[in-house]
Amino acid sequence: MIQNRQFTLRLLGSYLAHTQGKKHQANLARRLAKEAKDTMVVPQPKIKVPKKRLVKIGRPGYRVVKQKEPETGQKSLLFEIDFAEIDPTIAPKHRIMSSFEQKVEPPDGKYQYLLFAADPYDTIAFKIPNMEIEKKEGKYYCKWDKEKKVYTLQLYFKVNKALL
């Protein structure tokens with residue numbers, strides 16, 4: 001039993017010495033280089049996807065209502081955007097953008113922008129206060145009415161309790 005273990009250890013030592021040797025490592029590097037040369041990567045042809053060329057038809061109609069809850073004093077804004085000529089397969093989207101992201105006006109930390117977009121209409125933006133928006137259920141409402149083609153968004157600003 002002891003002789004088998006000694007033989008195994010000598011064999012393992014011999015194997016490690018061989019695989020870590022300079023000649024073995026050089027042969028491995030040469031083989032890898034040859035395989036890399038033989039299996040050249042063929043560049044794939046570039047396929048250009050044509051951009052949709054939609055003619056913009058101007059700004060959509062909109063209505064903005066400012067509200068304030070009498071009990072809490074919480075301010076809210078209700079936006080109704082009318083997309084009468086929109087393609088039925090497209091749904092409008094909205095996005096809130098920091099004043100530091102936009103490039104139209106000089107940045108002002110007091111404001112943020114609410115953008116509405118849907119093809120073929122121009123994107124419209126509203127300058128709103130840079131207050132934290134409440135995302136709780138019932139305090140942030142967004143709906144796209146496909147029949148009337150009206151996009152509705154209502155948002156509530158969090159109440160700053162330090163000012164009360």
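When you look at Ala84, is it under 26 Å from Lys51 (Cα atoms), under 22 Å from the mean Cα position of the chain (by Cα) and among the small types (Gly, Ala, Ser), yes or no?
no
Can you name the number of the only condition in (1) more than 20 Å from Ile124 (Cβ to Cβ); (2) part of a loop (DSSP other than H, G, I, E, B) that Ala33 fails?
(2)
Taken together, the values in this text are just the output of simple stated rules run on the coordinates, not laboratory data. Owing to the predicted nature of the structure, the values given are computational and were not obtained by experimental measurement. Neighbour counts are summed over all protein chains in view; Cβ atoms, including those assigned to glycine, are modelled from backbone coordinates with ideal geometry.
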